[in-house]
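K.L.:
Structure provided below as structure tokens; questions to follow.
The values are calculated or read from the model by the stated rules, or taken from the named source; none is laboratory data. Being a predicted model, the structure only gives us computed values, none of them experimental. Reconstructed Cβ throughout: ideal geometry from the backbone, glycine too, with neighbour counts over all protein chains shown. Heavy atoms of the whole protein, side chains included, go into the accessibility calculation; ligands, DNA and RNA do not. Shrake-Rupley method; radii C 1.70, N 1.55, O 1.52, S 1.80 Å.
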Amino acid sequence: MDARLNYFGNAFGAKVLKHINSANKVVSDSTLPHTTQELVKIRASQINGCGFCTDMHTKDAAHAGETQQRLNLVAAWREATAFTDAERAALELAEQGTRLADAAGGVTDEAWANAAKHFDEDQLAALISLIAVINAYNRINVINQQPAGDYQPGQFG
């Protein structure tokens, strides 16, 4: 399988990615726990069918010490006991924020209130931003049919 376009090597695509990467760096450097960040990226990527990002973020999470059990259960987090209440709140917000078109009301007040119980305002801003950024990456890769499977942890810096 080949990508439709060498998006990463395209001058215009590189300019767009530079700005998305800058936003991602701000989120990555925030006080939102790194483990939570990876779980959110994995779940949004699963929902969006982005194999490239699912491959990348599961490998990065494993490289950072995440257990295989928890990685295996991200898609079924509601039924899994392996996640903290804070992680579950973040995963719910990520799902609702990713599936905006599926829910006429958008993100529910209940999901927001639950997340607000576990995260301070800066962390909530980071979480909202993370959901937006991973969805942008997912859309670029899915539209471009970016192949998955060859990613190596730390490959992009």
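K.L.:
I'm told LEU71 meets every condition in (1) within 15 Å of the chain's Cα centre (by Cα); (2) of a type in the set (A, V, I, L, M); (3) under 20 Å from ALA115 (Cβ atoms) except one. Can you identify the failing condition by its number?
P.N.:
If we test LEU71 against (1) within 15 Å of the chain's Cα centre (by Cα); (2) of a type in the set (A, V, I, L, M); (3) under 20 Å from ALA115 (Cβ atoms), just (3) comes out false.
K.L.:
So, ASN21, is that one under 19 Å from GLY154 (Cβ atoms), open to solvent by 20 Å² or more (accessible area, probe 1.4 Å) and at pLDDT 95 or above or not?
P.N.:
Taking the combined requirement at face value, the residue satisfies it.
K.L.:
Somewhere in the stretch 59-74, is a residue β-branched (Val, Ile, Thr), surrounded by fewer than 19 Cβ atoms within 10 Å (Cβ to Cβ) and at pLDDT 95 or above?
P.N.:
Yes, because at least one residue in the stretch 59-74 is β-branched (Val, Ile, Thr), surrounded by fewer than 19 Cβ atoms within 10 Å (Cβ to Cβ) and at pLDDT 95 or above.
K.L.:
Is it the case that THR35 is of a type in the set (Ser, Thr, Tyr), modelled with pLDDT of 95 or more and surrounded by 15 or more Cβ atoms within 10 Å (Cβ to Cβ)?
P.N.:
When the stated conditions are applied, THR35 passes them.
K.L.:
Turning to a different aspect of this structure: Residues to consider are SER22, SER45; find the one that is farther than 18 Å from GLN123 by Cα, assigned to a helix (DSSP H, G or I) and within 16 Å of the chain's Cα centre (by Cα).
P.N.:
SER45
Conditions (1) modelled with pLDDT of 95 or more; (2) among the hydrophobic types (A, V, I, L, M, F, W, C); (3) touching an Asp or Glu at 6+ places or on another chain (Cβ under 7 Å), marked per residue:
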{"residue": "SER28", "(1), (2), (3)": "yes, no, no"}
{"residue": "ILE47", "(1), (2), (3)": "yes, yes, yes"}
{"residue": "ARG78", "(1), (2), (3)": "yes, no, no"}
{"residue": "ALA116", "(1), (2), (3)": "yes, yes, no"}
{"residue": "ILE128", "(1), (2), (3)": "yes, yes, no"}
{"residue": "ALA132", "(1), (2), (3)": "yes, yes, no"}
{"residue": "ASN135", "(1), (2), (3)": "yes, no, no"}
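K.L.:
Which residue is most open to solvent (accessible area, probe 1.4 Å), if the candidates are limited to the stretch 38-49 and must be of a type outside the set (Asp, Glu) and without any contact (Cβ under 8 Å) to a residue 60 or more places away in the chain?
P.N.:
GLN46
K.L.:
I've got another one for you. Restricting attention to the stretch 120-157, which residues are assigned to a loop (DSSP other than H, G, I, E, B) and either free of Cβ contacts under 8 Å to residues at least 12 places away in the same chain or closer than 22 Å to ALA64 by Cα (or both)?
P.N.:
Residues of the stretch 120-157 that are assigned to a loop (DSSP other than H, G, I, E, B), as a first pass: 120, 145-157.
If the condition is that a residue be assigned to a loop (DSSP other than H, G, I, E, B) and either free of Cβ contacts under 8 Å to residues at least 12 places away in the same chain or closer than 22 Å to ALA64 by Cα (or both), then ALA148, GLY149, ASP150, TYR151, GLN152, PRO153, GLY154, GLN155, PHE156, GLY157 are the ones that fit.
K.L.:
From PHE52, PHE8, PHE12, grab the single residue that is assigned to a helix (DSSP H, G or I), buried (at least 16 other Cβ atoms within 10 Å of the Cβ) and among the aromatic types (Phe, Trp, Tyr).
P.N.:
PHE52
K.L.:
Could you tell me which of the residues GLU87, GLU95 is open to solvent by less than 50 Å² (accessible area, probe 1.4 Å), among the acidic types (Asp, Glu), touching a helix residue (DSSP H, G or I) at 6+ places or on another chain (Cβ under 6 Å) and in a helix (DSSP H, G or I)?
P.N.:
Values: GLU95 fails: touching a helix residue (DSSP H, G or I) at 6+ places or on another chain (Cβ under 6 Å).
Step by step, each of GLU87, GLU95 is checked, and only GLU87 is open to solvent by less than 50 Å² (accessible area, probe 1.4 Å), among the acidic types (Asp, Glu), touching a helix residue (DSSP H, G or I) at 6+ places or on another chain (Cβ under 6 Å) and in a helix (DSSP H, G or I).
K.L.:
Determine whether the stretch 100-122 contains at least one residue that is open to solvent by 60 Å² or more (accessible area, probe 1.4 Å), closer than 19 Å to ILE47 by Cα and polar (S, T, N, Q).
P.N.:
Taking every residue of the stretch 100-122 in turn, at least one turns out to be open to solvent by 60 Å² or more (accessible area, probe 1.4 Å), closer than 19 Å to ILE47 by Cα and polar (S, T, N, Q).
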